[in-house]
């Protein structure tokens, strides 16, 4: 399960495919005024008809799609010069989307919405609009890297803990021949509020011209950054992937497959980081999960509940 935030990071930055250097200069002090606020434009707004069928779960649309279908769609679209934006809500992100209007407004602009949590899949089945499977960002990074390498796509890795993006790039390059790194950048804390840094980031992204930008900053920070920079790369795909660089690099261990299948990955994460995750999982997560499942079951008893599915353009 992807996290909704990440540990503090240092200001190691590399705008190219070179190793992040701890000696890199820190960004200029952040001004009081925030960076340019994300705005909805014809380019950044979600299309009227999503590419896949979409269900409504707790007020947010989720695509009826498998991991393989998501990978195929992103690669084919990128090769055709059509960009997009992927969000992978887990239980905590779905909870926050229902409570934070600014986050929900950002998420409404996304192209693909993938259910990254077994409780979301269970809830979809209870309300009789079943999702086919969990599509985790920490799985998508592997399948997309493999397919993207074969298709000649170029990847930009942005965010993560210091050194994690470089280590992830090294792992993916070794695993998948042809994996092309357009750039690696680990920004300093607070960079999104620094208009000078954000302008420079847009310039670096435009110069690198990646096909896929993997943004590992945790939600909703990664969504804010994506919204602020993606208009400059209309043909690129942007993916908010949380802690996935650390998973790929091996800095943080993923739960065994059986725990992921049975919805117990959160237990594994809680054991690893109890101080950071206890509130999210035990105080916020469990009550919300119970409420979500009960509400979904009651919705499923309503006549015509199974018809609550919006057809996509590929249907």
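Each reported figure results from applying straightforward, stated rules to the coordinates on display, with no laboratory input. Bear in mind the structure is a predicted one, so any value in this text is a computation, not a measurement. Here Cβ is always computed from backbone atoms with ideal geometry, including for glycine, and neighbour counts include all displayed protein chains.
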Approximate spin-label separation residue 203-residue 170, in nm, with each point projected 7 Å along Cα-to-Cβ: 3.0
At R0 = 41 Å, FRET efficiency that the Cβ-Cβ distance of residue 251 and residue 307 yields, to 0.05: 0.35
With both bridge residues required to lie in segment 38-193, what share of the DSSP beta bridges run antiparallel, to the nearest 5%? 35
Compute log10 of I(q)/I(0) for segment 249-293 with the Debye formula, placing one identical point scatterer on every Cα and leaving out solvent, at q = 0.34 Å⁻¹, to two decimals. -1.12
Neighbour-count ranking [beta-carbon atoms within 10 angstrom, fewest first] of 118, 259: 259, 118
With a 10 Å Cβ neighbour count serving as the proxy for reagent exposure, in which order, fewest first, do 203, 110 appear? 203, 110
Please list log₁₀ I(q)/I(0) at q = 0.15 Å⁻¹ for segment 110-153, using the Debye equation with identical point scatterers on the alpha-carbon positions. -0.48
How compact is segment 210-282 by the rule of thumb for globular proteins, expressed as Cα Rg over 2.2 N^0.38 Å? 1.34
Order of 142, 266 - criterion: other Cβ atoms within 10 Å of each residue's Cβ, fewest first: 142, 266
If N is the residue count of segment 181-315, its Cα Rg over 2.2 N^0.38 Å rounds to 1.38
Measuring from the lowest to the highest alpha carbon on each principal axis, how far does segment 144-206 reach, largest first, in angstroms? 37, 23, 13
Measuring from centroid to centroid over Cα atoms, what is the spacing of segment 83-156 and segment 291-314 in Å? 19
In Å and whole numbers, how far do the C-alpha atoms of segment 110-226 stretch along each principal axis, longest first? 48, 37, 24
Largest-first principal axis extents, alpha carbons of segment 68-145, Å: 35, 28, 21
